[in-house]
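The values are calculated or read from the model by the stated rules, or taken from the named source; none is laboratory data. Just so it is clear, the structure is predicted and the values come from calculations on it, not from any experiment. For neighbour counting, all protein chains shown are included, and Cβ atoms are generated from backbone atoms with ideal geometry for every residue, glycine included. These accessible areas exclude ligands, DNA and RNA; they are computed on the full protein's heavy atoms, side chains included. Shrake-Rupley method; radii C 1.70, N 1.55, O 1.52, S 1.80 Å.
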Amino acid sequence: MKQLFSIALAVSVSLLMSCRDESLNPNKAWEPAVHGWGAFDGIAEAGKANIAANALNFPLTGQDAAKIPFKIRWVSLDNKLTVSKIVVKVDMIESYTDPDGNPKTVSLGSGGKVVKTIDSPAGNRQWNSFTITPAEIYNLYKDATVKYDKVNAVSVFNNPARPRPATARLQGAAAKAAADAFVVTWELTTSDGLVFKVWNEDSICLDPTPVSQANANCRLNFTVK
């Protein structure tokens, strides 16, 4: 009798498993993914110093000849995807004081504008170098406006309340205004057309692991000073 019960149980389990609709399973299998690791170039990785905010910055003067070197690599932990294009974006953050005396910041690029495109980047975990100049950022944002008084749109680069000379269009901290700030982000396109541009903040953007070939991040921040 015990043997017959075991056989019946096995048959029942087998039937249940064969009728299971996997499309209804809420626990989907993990799919392959890629992430990026962007850094300021020329800075030692010790303690992740090469991704620290303001590790490098634009100068207050001499901006015509200035540039900041960066490097980025894509990482596929399981080697199942290949990145065919890296799009680098930069957002400009304008700081000011509103009519009520409150400090304000506004993103001029709504998350960033394309500043570099790296086609056919180097392979998995291999560095790709590029630079960003003040002139490139100016050309991206020269038509940007802000309603500093909450009503009238004023050109950021022709604001009489904060004049910007042609030789130093990107400004450092001043009375009632923080320095111009910039956020570099990236999008990764794989050879099969997948686009990765949003990652988990804790595990990827703020990767808590020690420096390694598998490190990840989502952004780099710098300013003018």
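Relative to the longest principal axis of the Cα atoms of the chain, the long axis of helix 2-18 makes an angle of roughly 40 degrees. Stretching Ala166 away from Asp98 to a fully extended chain increases their span by 22.0 nm, per 0.36 nm per residue minus the current alpha-carbon distance. The protection proxy used here, the mean number of other Cβ atoms lying within 10 Å of each residue, ranks peptides 48-55, 195-202, 36-43, 124-131 as follows, highest first: 36-43, 48-55, 124-131, 195-202.
Compactness ratio for the stretch 107-192: Cα radius of gyration over 2.2 N^0.38 Å (N = residue count) comes to 1.39. Per residue, the solvent-accessible area of the stretch 124-195 (1.4 Å probe, heavy atoms of protein chains only, all protein chains present) comes to 51 Å².
Given R0 = 22 Å, the distance between the Cβ atoms of Ala135 and Ser110 translates into a calculated FRET efficiency of 0.55. Computed with the Debye formula from one identical point scatterer per Cα of the chain, without solvent, the log10 of I(q)/I(0) at q = 0.08, 0.11 Å⁻¹ comes to -0.42, -0.66.
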